[in-house]
Structure formats: C-alpha cells, structure tokens
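A.B. asks: Got a structure for you, written out below as structure tokens; questions coming shortly.
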Amino acid sequence: MEGGKGCVRRELWMGNRVSSPEMEAEIAKIIAENVVVVFSKTYCGFCKAVKKLLKDLGVKDMMVVELDVVAKGSEMQNALRAKTGQSTVPSVWIGGEFIGGSDDTSKLHRSGGLVPKLQAVNAVA
C-alpha cells in the first residue's frame, strides 16, 4: 500500500476484490438509516422472492439497493462481503441486524421468527 504523508488507506482483500473504508461507511449508513434493507440485483430470482415475501408480510418502508443498477454496485457488494462473509445477494438487514440471504430469511420465516423481528422494529403492524 502506498500513501503520501498523512494518508492512510486500509484495504480488505477478498480474493482479488477490495473493500474501501469509504464504501464500508456508506453501507453502514444505509443500514443505520433504514429499518429494513435488502441489497439485491434486479435479475436475481432469490432477491425477487425475498422482496415479495417482505412486501407480502406488510413491510412498507423497505430500502432496496439494486447493486446491478446503482453506481459502484460491485464495490458495495465487496463491502458487504467484507462485513458479513456472504458474497451473494440478497443481503437482508432488519433493525441493523444481518439476517442473511434468501435461505436464511425464508428459514427464519418458516420458524416463526421473521414477523416478530419485523414487529420489534415497527416494520409491520
């Protein structure tokens, strides 16, 4: 790593992908400012299923970040990988807590834990 005087750059290597502190901060801000967040890709069937499940449960204020549409989506996905260890989408967050992907969210719902978690953060009635 190179940097000038007073310049510190931290990089987290994930294979040959890098997550910057700035992108990690942006991800943290999105998660902190929104009760329910789904990092998604528009063409992903698993993402579509999770978004439909949450809508069907009555989640009204859900922040969906489509990583294949937003600027720096690949960088955001790298930051999510660094934060969670999960390299795939969807990446579901409720009340600042990482729930997981499609399988994790569906499993939580089948076990009866998803609705109470959503209710606890006033995401559903």
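A.B. asks: Which number in (1) assigned to a loop (DSSP other than H, G, I, E, B); (2) under 10 Å from the mean Cα position of the chain (by Cα) marks the one condition that Ser87 misses?
C.D. replies: Just one mismatch for Ser87, condition (2).
A.B. asks: Is it the case that some residue within the stretch 77-92 is among the hydrophobic types (A, V, I, L, M, F, W, C) and closer than 23 Å to Ala125 by Cβ?
C.D. replies: For the stretch 77-92, residues among the hydrophobic types (A, V, I, L, M, F, W, C) and closer than 23 Å to Ala125 by Cβ: present.
A.B. asks: Give the number of residues within the stretch 104-125 that are touching a residue at least 40 places away in the same chain (Cβ under 8 Å), open to solvent by 60 Å² or more (accessible area, probe 1.4 Å) and part of a loop (DSSP other than H, G, I, E, B).
C.D. replies: Qualifying residue count, the stretch 104-125: 2.
A.B. asks: For residues that are in a loop (DSSP other than H, G, I, E, B), within 27 Å of His109 (Cβ to Cβ) and not aliphatic (A, V, I, L, M), scanning just the stretch 59-81, find the one that is least open to solvent (accessible area, probe 1.4 Å).
C.D. replies: Result: Asp68.
A.B. asks: Select from the stretch 39-56 the residues that are surrounded by 14 or more Cβ atoms within 10 Å (Cβ to Cβ) and either assigned to a loop (DSSP other than H, G, I, E, B) or modelled with pLDDT under 95 (or both) and list them in ascending order.
C.D. replies: Lys41, Cys44, listed by residue number.
The values are calculated or read from the model by the stated rules, or taken from the named source; none is laboratory data. These numbers come from a predicted model, not from an experiment. Don't worry about glycine lacking a Cβ; one is built from the backbone with ideal geometry, like all the others, and counts go over all protein chains shown. Quick note on the areas: whole protein, heavy atoms, side chains included, nothing else; ligands and nucleic acids left out. Shrake-Rupley method; radii C 1.70, N 1.55, O 1.52, S 1.80 Å.
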